[in-house]
Amino acid sequence: MGSGLLRMKCLVMLTVFAAGYLSQPCLAQGKKRIPESWKLGTASGLFPDLTPETLKEVKASGIEHIEVNWKPELVNGTPAERLAFAKDFHRNARKAGLVIWSTHIPYGKKFDLAETDPEKRPDILRNAKEYIDLAMEMKVKQIVIHPSTEPIPDSERAAKIAACRESLKELSVYSKKKGASLNIECLPRTCLGNTSKEILQILDGIDNIGICFDSNHLLKETPQDFVKAVNKRIRTVHISDYDNVNERHWLPGKGIIDWNEVISALVEVGYKGSFMYEAVKKADNNYSFKDLKPNYESLKKAWINQEYAQSIPPKSFLVCGDSKILIVHYNKSRDSIPEIIWSWDAHLAKDLPETFRNRKFNSTDDCKAINDGKQILISSSSGAIAILNVSDKKVVFYAEVPNAHSVAILPGNKIAAAASTHANGNKIMLFDIKKPNEPLFTDSLYSAHGVVWDAKRKSLFALGFDVLREYKIVDGKSLSLNAHWKIPGEGGHELGLTSDENTLFVTEHTGAWTFNLNNHQFTKISGFPDAENIKSLNRDSAGQYIFTIPEKSWWTYHVRFLRPERSFAFPDMKVYKARWFYQ
C-alpha cells in the first residue's frame, strides 16, 4: 500500500472516530466482512426434542442450519426405524424453514475407523455407509465422522493411523459414488486427529474427504493455528469454547479461545460453510438454542469492529470508579490480578472543561460500551454524563446531570440520563447530542438510578426507588410514560438488559431479580448471592455474570463473577460498577 493511500486511510478512520456517535459505520466497513454463507447453525443435541413444534421454535430463534445428532434409541433401533426417522425429520425441517446442513455419524466401537482387527472392519464400514445413506436421504450438505475412539497408547498409534486410512479410502469411494461430502473431525486427548499435522497425515492422498474443525477439541495447538494449517480442507465446523484443559463445549466467550483470531483465520482460508455451534447443555452449561443468535451476533460485532475499537477482545469488561474507566482482559487476567488493557482518567482529559475535569467526574458510577464497542457512555454521581471514543479517548459529548447514576443512548442522537437524589435531581433527563446544555425533556422520578434503551420494543426503561417505568419517544424530542410496575422491594439500583432483549436485570436493597418483558413478572435470580445493595449486575451471551457488591459504604475493591466464579481486586480504586464490554 502506498504511503499516500495509507495516510488517506488513517485520515478516514480518524474522521470516523471524531464524528463520534453521529457517524456509525456499517457492519461490512472496509474489507472486514463475515461471509454470507456463514449461516447460524447448531447441533440438534441442544434441542429438548425433535418435534415439528420445536423445529419451528428453533427457526424463530434465528437459527437457519442444523446438524442431526442421532439419538441412542435410534442408533440401537432397526434400519427401518432410522430410515423412517430420516424421511420424517427431513420433511419437518423443510416445513420449519430449516436446512439440514450436516449429520454426525454416531461414534463408539461400532463406528471405530481405526479398528485394527480386519474381521471387525467390514461391520464398522457397513455401519458408516448406512449413515451416509441416511444423510443423503435428508439431503445434507456435510457428513461428520470421528477418525477413532480412545484411549490410544503411543505404541499402537501408527497401526491405528494405518487402519483409519484404509477405512477412509473405502468410505471415500463410497461417498463419491453417493455424491456425499464426508469429513473427519479433529479430536482431543489421545484420539486420532488431535493435531493439524496428524489429521493431514491421515488424509494424505485421500483428496475427496474434508475436515470438520471443532474449536474446543484442540489441546496441543491453538484453534486458529489449526485452521491455518489445514486450510481449505475445512468443509464444516463445530463452534464452542473450552479451558484448554479438556473439551467443554461452552458457548464462545466463556472459555479462553480468542474468537477474533479464529474468525480471522476462517475468513483467511476461505471457509464458506455454516457457522455451526456444538454447545452442550450440562450442569454448568445451562444453555438453550435461544442463546445462540445473541452469542453469534456478539462474536461478529467484536470481529468486524476490532480495528475500530482498538481490538478490544470479546471477553473484556468495563470497570468504573473514582475518576476512572478501565477495560480489563478477562482471559489474560491471572488469579485475582486484572489485566488492564485500556484506561481513561477524567482528571487527565484536557478536552473537558476544568470544572468537569476536576469535579464533575470525580465519582464515575456507570459505563457502557456503545456503537459496537467504538465508544463508551459514562455517568458520574458528581454531576455529569459523557461519551468518549475508545480509539483516541476523545470526549465527544458531555452534559451536567445532578447526581447522575445511569445513561443510555437512544435513536436519533438522543441520550437519556437518570438523575438521582439531589436538590435538582430525582428525574429522568433527555438530551440531544448536538445540544448538551439544553435538556429536551425531564420527568420526575424519585431516586432515579437506571435507564436502559430496548431497541426491540422501542422503549426506554427507567428504574426509581420502588418503581420500574416504560417510556416511549414522542416526536423525537420528548418521552411519554407508557407503563409502570412496582418492584419487589425498595431502593432500586441496577437496571440492565439481557442480550436476547427479553429480560431486564433489576436490583434493590434486598437482592437481584429478573423482569420478564413479555409477561411483566419479577423473579428472584436463582443461585445468585443473597446480598444487599448490589450496585451492578450484568451477564454475557455465554451466561457468565459480572457484579459488584459494596464493601465500604457504597464502593468495593473487587469485581466478582458467577458461573464460573472469579474475583479481581482493584485495591487502588473505589469501584462502583462493572459491565461486560460486549454483551
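The values are calculated or read from the model by the stated rules, or taken from the named source; none is laboratory data. Computed from a prediction, not measured in an experiment: that's the story for all the values here. Here Cβ is always computed from backbone atoms with ideal geometry, including for glycine, and neighbour counts include all displayed protein chains. Please note that ligands, DNA and RNA were not included when accessible areas were found on the heavy atoms of the full protein model with its side chains. Shrake-Rupley method; radii C 1.70, N 1.55, O 1.52, S 1.80 Å.
Overview of results
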read-out: 3J(HN,Hα) from dihedral phi, the stretch 90-101, Karplus parametrisation 6.51/-1.76/1.60, rounded to Hz, x for glycine, proline; value: 4, 5, 5, 5, 4, 5, 7, x, 9, 9, 7, 5
read-out: Pairs from LYS350/LYS427; LYS228/LYS394; LYS301/LYS458 whose Cα-Cα separation, in the structure shown, is over 27 Å; value: LYS350/LYS427; LYS228/LYS394
read-out: By average C-beta atoms within 10 angstrom, highest first, the peptides 324-333, 532-541, 421-430; value: 532-541, 324-333, 421-430
read-out: Structure-based [θ]222 nm, the chain - -39500 (n - 2.57) summed over DSSP H runs of at least 4, per residue, nearest 500; value: -7000 deg cm²/dmol
read-out: Anchor LYS178: lysines whose Cα lies under 18 Å away (excluding residues fewer than 8 positions away in-chain); value: LYS87, LYS129, LYS139, LYS141, LYS169
read-out: Contour excess over end-to-end distance, with Cα ends at THR190 and ASP243 and 0.36 nm allotted per residue; value: 17.3 nm
read-out: Computed accessible area, TRP303, all protein chains, 1.4 angstrom probe, square angstrom; value: 10 Å²
read-out: SER336-ASN362 pseudo-label distance in nm [points 7 Å out on the Cα-to-Cβ vector]; value: 2.9 nm
read-out: Accessible-area composition of the chain, carbon plus sulfur, in percent [1.4 Å probe]; value: 50 percent
read-out: Ranked order, VAL237, VAL75 - accessible area, probe 1.4 Å, largest first; value: VAL75, VAL237
read-out: Modelled FRET efficiency - R0 41 Å, ASN286 with MET136, Cβ distances, 0.05 increments; value: 0.70
read-out: Surrounding net charge for PRO353, when Lys and Arg each add one and Asp and Glu each subtract one, Cβ distance under 14 Å; value: +1
read-out: Local electrostatic count, ILE100, Cβ distance below 13 Å [Lys/Arg +1, Asp/Glu -1]; value: +4
read-out: Amide H partners (placed H, <5 Å) of ASP366, local residues excluded; value: SER379
read-out: Between the stretch 190-243 and the stretch 481-553, the Cα center-to-center distance that results, in Å; value: 42 Å
read-out: Accessible solvent surface per residue of the chain, calculated while the other protein chains remain in place, 1.4 angstrom probe, Å²; value: 42 Å²
read-out: Nearest-10 value in Å² for the accessible area of SER553, using the 1.4 Å probe; value: 100 Å²
read-out: Mean Cα-pair separation over length for the chain, i.e. relative contact order, pairs under 8 Å, 6 or more apart, %; value: 9 percent
read-out: Nearby lysines by direct alpha-carbon distance to LYS281 (threshold 24 angstrom, same-chain neighbours under 8 apart not counted); value: LYS39, LYS56, LYS59, LYS71, LYS254, LYS290, LYS293, LYS300, LYS315, LYS524
